[in-house]
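Asks: Attaching a single structure in structure tokens format; questions to follow.
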Amino acid sequence: MIFPTKTIILKNGQTATFRSPTPKDASAMLAFLRNVAAETEHLIRYPEECLTDVKVEEEFLCDICRSETNMMILCEIDGEIIGNCHLWYTPRIKLRHRGEVAIALLKKYWGLSIGSAMFEEMIVQARSWELELLSLSYIEGNDRARGLYEKVGFREVARIPDVYRLKNGSMRHDIWMMKKL
């Protein structure tokens, strides 16, 4: 699905642009994913695991733009991808009412309300798809993200122990949250 380009003003006065990805974003998107993974252990992969080929990423981005059940928004500041979010659902009868969301943002841009603005857009789209429920999961210890999720109305529904093993050998729970629309 194509998200119409939108400009927002951040708390610090900077301008950010929300837009759909295009195949031309593949290299920049892969660099963003490596960079954001390097900043925190709260994503599901380490930067050295971001090995997707540019052609594969181009196809993935094309598929999202053509899809009726997927929407991705990139956030750009001064032409640099600094964040993204993804909303999708499965159109099967038993799952058609529920969407899933994911979000990532470079640390330098935390606290500027970009995450809240991205969630607003995903929630608007979810409602237009007539979804009734949104779900997400995060790695235990990501308290900052949890605060954002709670702020936009998500509530914890489950903890699955020891899903993630960090490089230091410690284990983390997978925490699931949901929001009724």
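Asks: With a 1.4 Å probe and all protein chains left in place, how much of the accessible area of the chain comes from carbon and sulfur atoms, in whole percent?
Replies: Details: 5070 of 9780 Å².
Heavy-atom surface of the chain belonging to carbon and sulfur, 1.4 Å probe: 52 percent.
Asks: Which of the listed residues, 126, 46, 110, is farthest toward the dipole's positive end in region 32-127, when Lys, Arg count +1 and Asp, Glu count -1 at the beta-carbon?
Replies: The Cα lying farthest towards the positive end belongs to 126.
Asks: For the chain, what is the calculated [θ] at 222 nm in deg cm²/dmol (nearest 500), taking -39500 (n - 2.57) for each run of four or more DSSP H residues and dividing by its residue count?
Replies: -9000 deg cm²/dmol
Asks: Above 30 angstrom, tally the Cα pairs of the chain and express them as a % of all pairs, no decimals.
Replies: Working: 2574 of 16290 pairs.
Everything past 30 Å amounts to 16 percent.
Asks: Whole-Hz ³J(HN,Hα) for each residue in region 46-53, computed from phi via Karplus 6.51 cos²θ - 1.76 cosθ + 1.60 with θ = phi - 60°, x for glycine and proline: what do you get?
Replies: Rounded to whole hertz, the list is 8, x, 5, 8, 8, 10, 4, 6.
Asks: Residue by residue through region 89-96, what is 3J(HN,Hα) from phi via Karplus (6.51 cos²θ - 1.76 cosθ + 1.60, θ = phi - 60°)? Round to whole Hz and write x for glycine and proline.
Replies: 8, 9, x, 5, 3, 6, 10, 4
Asks: Accessible area per residue for the chain in Å², computed with a 1.4 Å probe and the full protein assembly in place, what is it? Please report the intermediate quantities before stating the final value.
Replies: Working: 9780 Å² over 181 residues.
The answer is 54 Å² per residue.
Asks: Just to make sure I understand: if all protein chains stay in place, what is the order of 65, 85 by accessible area at 1.4 Å, largest first?
Replies: Of 65, 85, the descending order of accessible area is 65, 85.
Asks: Something else: Can you order the peptides 98-105, 46-53 by their average number of other Cβ atoms within 10 Å per residue, highest first? If you can, show how the numbers build up before the last one.
Replies: Values: 98-105: 20.6, 46-53: 12.6.
Highest-to-lowest ranking by the protection proxy: 98-105, 46-53.
Asks: Sticking with this one: Considering only 90, 139, 178, whose Cα is most displaced toward the positive end of the charge dipole of region 47-181, charges sitting on Cβ of Lys, Arg (+1) and Asp, Glu (-1)?
Replies: Towards the positive end, the residue furthest out is 178.
The values are calculated or read from the model by the stated rules, or taken from the named source; none is laboratory data. As the structure is a prediction and not an experimental result, all values here were calculated from the model. Positions of Cβ are backbone-derived with ideal geometry, glycine not excepted, and every protein chain shown enters the neighbour counts. SASA here: full protein model, heavy atoms, side chains in, ligands and nucleic acids out. Shrake-Rupley method; radii C 1.70, N 1.55, O 1.52, S 1.80 Å.
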